[in-house]
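Enquirer: This is the structure I have questions about; it appears just below.
The values are calculated or read from the model by the stated rules, or taken from the named source; none is laboratory data. The model shown is predicted, which means the values in this text are computed figures rather than measured ones. Every residue, glycine as well, gets a Cβ built from its backbone with ideal geometry; the counts of neighbours run over all protein chains shown. To get the accessible areas, we keep the full protein, side chains included, count just its heavy atoms, and leave off ligands, DNA and RNA. Shrake-Rupley method; radii C 1.70, N 1.55, O 1.52, S 1.80 Å.
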Amino acid sequence: MSLLPAFLTGGGGGGGISQYQNLVVEGRVLLPDHLVLIVSSKLTPPTDNLDCVYYDNMLERVVLKPVISVDGYHQQLKSIVRCHLPPLNFSASVNLRGRGRSGDVVVERREWLLRLNQSVVPSWNKVVYEAVLDSNGYTSNVVVFAKGLNLRPHREADARKFRCHFSLTDFDQRLFVFNTRSIAAAQEVFRCLLPPSILNNLDKAKDIRVSVSRVDYNVEGADEAPLPSVAKVQIINSHEHKSNTGKYELCACTMLWNQASFLREWIIYHAWLGIERWFIYDNNSDDEVQEVIDELNLHKYNITRHAWPWVKTQEAGFSHCALRAKHECKWLGFFDVDEFFYFPHRRGRYKPGPNSLRALVMKYSDSPKIAELRTVCHSYGPSGLTSPPSQGVTVGYTCRLEAPERHKSVVRPELLHTTLLNAVHHFKLRDGYKYLNVRESKVLVNHYKYQVWDSFKAKFFRRVSTYVTNWQEDHNKGSKDRAPGLGTEAIEPPDWRLRFCEVWDTGLKHFVMANLADSTSGFLPWERSLA
């Protein structure tokens, strides 16, 4: 099956479109500000000769627009194509077409367009968007990620109220062959049993489409229809399962959007503290994130970028990351690229050095009780600056709020609760396990939350957490996730550079300069290209 029928790819004049001939659009999701298309195979650069094809609802006109961007997806085996929203009175059943050297001539075929427009494109507020096979050698089930069932935040739900549906046919036919019960549910994550025919041969699970429905187990026949779905079962890290002794001691996971300029400092610094493996969930960035990661990987920093196109799903993304990382990592830290672990040093005490963070978690790797370490955060302000500090945030920002805000956690991913329930800052643990609050005098996190205005304004634009209000929304103004006194508009207060400054704290600055700066030039390793 071709991506487009022959009459839409015909007059291309040869070169430039060959990689588009045999692709299939497996799913479409209408996000608030663009349209995501999931394509069956990997598109290789250059992709600037690829257009999104829009059809009006009367099937009389066709409009072409260049794609916004193309990304690898599902371990780079598939692709995500981002298209502009359809014009008014045009269908969301958008297709793709390669642009040949001679240009293409669109010839409408009404009967084919009618079939195309029979498919309903799910909107982002009601759709199943990911599904992952979770197998630990003893049991196997599927973890499904869904919007639209409106479960209460930060709480476990009654799993009996949900059911998974497995389709062996094309989704447009709406035929779900197998149904199984849910065994865990929380927020946007549902864990279901596998059908026996798949359980006996897990390779069969790959690319089976999955949906979720709400059921009323007290009233026969009161079940709701399955949600629209673009989720096909993904088998992740199947070739990287390791014995516990062969795993990395310490890994890190983050979700980011347009923060390439901060990534180099964050990774180089924390690698010096002992982080060995990185999972970067990229939430629709359009800056140079991939280029920075490629450069760092040339220097053996072991980073994987995972395209995560789903907006405001940080908690679900972290649950997804925990599933991926548990096969490779004994410990997994969840923190942002503006957050830096710091080991305070007082005269006469042990002086922290390279691998200090890894050494800390390794003390608890065999603990029969401890499955999570929590560390308090101190929030830093602009520190009198009006432009980004040239040597990085750890050296440039030195004034903070006095009282700590929130905490960050490092977890043992194999010991998380079956729901994978998390509040971004920490996870729910398996029964019998607990967290440990690490003393602030031993280790803490510097959170460079309120930076110079231009940097903060970019952060103001959008949030990634599901259950945290966007700054532009006029409620929850007292939340610690907001900037106090800023309101809902990105207008720089006259005294911004002086705000959030209660304590001058140069501890991490001096630590970084003493341990990572070049002794001759004074340069820090992230100040210049590593190439």
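Quick grid of which residues meet (1) over 28 Å from Val230 (Cα atoms); (2) of a type in the set (Ser, Thr, Tyr); (3) assigned to a helix (DSSP H, G or I):
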{"residue": "Ser261", "(1), (2), (3)": "yes, yes, yes"}
{"residue": "Trp266", "(1), (2), (3)": "yes, no, yes"}
{"residue": "Gly274", "(1), (2), (3)": "yes, no, no"}
{"residue": "Ser285", "(1), (2), (3)": "no, yes, no"}
{"residue": "Pro309", "(1), (2), (3)": "no, no, no"}
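Enquirer: Give the stretch 350-374 a look and list any residue that's part of a helix (DSSP H, G or I) and among the hydroxyl-bearing types (Ser, Thr, Tyr), or say none.
Expert: The answer is Ser356, and nothing else.
Enquirer: Among (1) modelled with pLDDT under 85; (2) among the hydrophobic types (A, V, I, L, M, F, W, C); (3) open to solvent by less than 40 Å² (accessible area, probe 1.4 Å), which single condition is Val106 missing?
Expert: It is condition (3) that Val106 fails.
Enquirer: Among all residue pairs at least 6 apart or on different chains, which show Cβ distances below 8 Å where the first residue, located in the stretch 357-386, is over 14 Å from Gly333 (Cα atoms) and the second is among the hydroxyl-bearing types (Ser, Thr, Tyr) and open to solvent by 10 Å² or more (accessible area, probe 1.4 Å)?
Expert: Lys369/Tyr433; Ile370/Tyr364; Ile370/Tyr433; Ile370/Tyr435; Tyr380/Thr398; Ser383/Thr398
Enquirer: Pairs please, first residue from the stretch 420-445 and over 13 Å from Gly317 (Cα atoms), second anywhere and open to solvent by 70 Å² or more (accessible area, probe 1.4 Å) and β-branched (Val, Ile, Thr), Cβ atoms under 9 Å, 6+ apart in sequence or on different chains.
Expert: Close Cβ pairs (under 9 Å, with a partner that is open to solvent by 70 Å² or more (accessible area, probe 1.4 Å) and β-branched (Val, Ile, Thr)) amount to Arg430/Thr418.
Yes or no, residue by residue, for (1) in contact with a Phe, Trp or Tyr (Cβ under 9 Å, 6 or more places away or on another chain); (2) surrounded by 21 or more Cβ atoms within 10 Å (Cβ to Cβ):
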| residue | (1), (2) |
| --- | --- |
| Ala225 | no, no |
| Val230 | yes, yes |
| Met255 | yes, yes |
| Glu265 | yes, yes |
| Ala271 | yes, yes |
| Ser285 | yes, no |
| Val292 | no, yes |
| His299 | no, no |
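Enquirer: Here's a follow-up. Test each condition in (1) in contact with a Cys (Cβ under 6 Å, 6 or more places away or on another chain); (2) open to solvent by 40 Å² or more (accessible area, probe 1.4 Å); (3) among the charged types (D, E, K, R) for Arg277 and report the one that comes out false.
Expert: The failed condition is (2).
Enquirer: Would you call Leu444 within 30 Å of His345 (Cβ to Cβ) and among the aliphatic types (A, V, I, L, M)?
Expert: Spelling it out, Leu444 is indeed within 30 Å of His345 (Cβ to Cβ) and among the aliphatic types (A, V, I, L, M).
Enquirer: Pro388 is checked against (1) open to solvent by less than 20 Å² (accessible area, probe 1.4 Å); (2) touching a Ser or Thr at 6+ places or on another chain (Cβ under 9 Å); (3) over 30 Å from Trp124 (Cα atoms) and fails just one. What number does that condition carry?
Expert: (1)
Enquirer: So which residues in the stretch 311-340 are open to solvent by 10 Å² or more (accessible area, probe 1.4 Å) and part of a loop (DSSP other than H, G, I, E, B)?
Expert: Scanning the stretch 311-340 gives Val311, Lys312, Lys326, His327, Asp336, Asp338.
Enquirer: Return only the number of the condition from (1) at pLDDT 90 or above; (2) surrounded by fewer than 17 Cβ atoms within 10 Å (Cβ to Cβ); (3) not aromatic (Phe, Trp, Tyr) that Val127 does not satisfy.
Expert: (2)
Yes/no matrix, rows are residues, columns are (1) under 26 Å from the mean Cα position of the chain (by Cα); (2) at pLDDT 90 or above; (3) of a type outside the set (S, T, N, Q); (4) open to solvent by less than 30 Å² (accessible area, probe 1.4 Å):
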site	(1), (2), (3), (4)
Val411	yes, yes, yes, yes
Thr419	yes, yes, no, yes
His426	yes, yes, yes, no
Leu429	yes, yes, yes, yes
Glu440	no, yes, yes, no
Val452	yes, yes, yes, yes
Phe456	yes, no, yes, yes
His475	yes, no, yes, no
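Enquirer: Could you go through the stretch 58-66 and let me know if any residue there is assigned to a strand (DSSP E or B), open to solvent by less than 30 Å² (accessible area, probe 1.4 Å) and either modelled with pLDDT under 95 or of a type in the set (A, V, I, L, M, F, W, C) (or both).
Expert: There is no residue in the stretch 58-66 that is assigned to a strand (DSSP E or B), open to solvent by less than 30 Å² (accessible area, probe 1.4 Å) and either modelled with pLDDT under 95 or of a type in the set (A, V, I, L, M, F, W, C) (or both).
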